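Here is the structure we will look at.
Only the coordinates and a few stated rules stand behind these numbers; no lab work does. Keep in mind the model is a prediction, meaning the values are calculated, not measured. So basically every Cβ, Gly included, is an ideal-geometry build from the backbone, and we count neighbours across all protein chains shown.
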């Protein structure tokens, strides 16, 4: 009898230890997840706030204080590097930020996720980010009404100058590709190579607009800031919609099927 009680007590104690270890492991994982999310939120909030701060500073410098020395210094610096080869290279970079390239590129990317990768939400995010970015660009250009530089290097560009549409749209498109790569690719080396390559591409698209004298440097920086903020904001909104859809709509569709 005493042996049975002793054995039972040992079993209960072992079971209790197992439960405590399980709970302890679960708590550690929960804290790790919370810490990871917190760090991500802090970084994203910091980048968003910095972009907003820079954009406000640029707008105040150009439209309120009427300071143009920054733009003139950028023109003077790039003028020293003008050559036929550099001009050809800059035209290639600027083409990669035009609607002529980005419209079919967005369609192709959306079709890739819709028909090949079978990822419905990615195929929705791509056109939504692209179209909303385009609408935002036109609204801001209409609000600020800044005229283009008066002496373009090759040919005059149409429309208003602030912010740069090439800069804004290149951030939202190529930045979205970076986001998708980090969401889906497991190879860390490939992630960083592609991220750095696309980041350099974005920068050179912006530089090409100033080199060709169809935008001021402040236009480009403002476009980068707006594009970065809008990419973060639109992805956050779409993620919330996706989460709500999976919780509310998907169970109903599964019951019907």
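One chain, two ends: residue 158 and residue 69. Fully extended at 0.36 nm per residue, the span grows by 29.7 nm beyond their Cα-Cα distance. Summarising the overall dimensions of region 142-249 from its C-alpha atoms, the Rg and Dmax are 17.0, 56 angstrom. For region 42-111 versus region 211-243, the spacing of their alpha-carbon centroids is 10 Å. Annotation: the residues 112, 236, 230, sorted from fewest to most other C-beta atoms within 10 Å of their own C-beta, follow the order 236, 112, 230. Ranked by the mean number of other Cβ atoms within 10 Å of their residues, highest first, the peptides 88-96, 206-214 come out as 206-214, 88-96. At 7 Å along the Cα-to-beta-carbon direction for both residue 107 and residue 135, put a label point, then send me their distance in nm to one decimal. Placing both labels 7 Å along Cα→Cβ, they lie 2.1 nm apart.
Estimated from the Cβ-Cβ distance and a Förster radius of 25 angstrom, the FRET efficiency linking residue 98 and residue 243 is about 0.10.
Expressed as a rounded percentage, what relative contact order does region 123-256 have, with Cα pairs under 8 Å and six or more residues apart?
33 percent
Note on 173, 232, 142: ascending count of other Cβ atoms within 10 Å places them as 142, 232, 173, the fewest first.
In region 85-169, inverting the average of 1/r over every pair of distinct C-alpha atoms gives 14.7 Å as the Kirkwood radius. Would you work out if region 69-256 is rounded, prolate or oblate? Take a ≥ b ≥ c from the square roots of the eigenvalues of the alpha-carbon gyration tensor; rounded if a/c is under 1.5, else prolate when a/b is larger than b/c, oblate otherwise. In terms of gyration-tensor shape, prolate. Quick check on region 68-108: take the gyration tensor over C-alpha atoms, sort the square-rooted eigenvalues as a ≥ b ≥ c, and tell me if it's rounded (a/c under 1.5), prolate or oblate. Oblate, because a/c is 1.5 or more while a/b does not exceed b/c.
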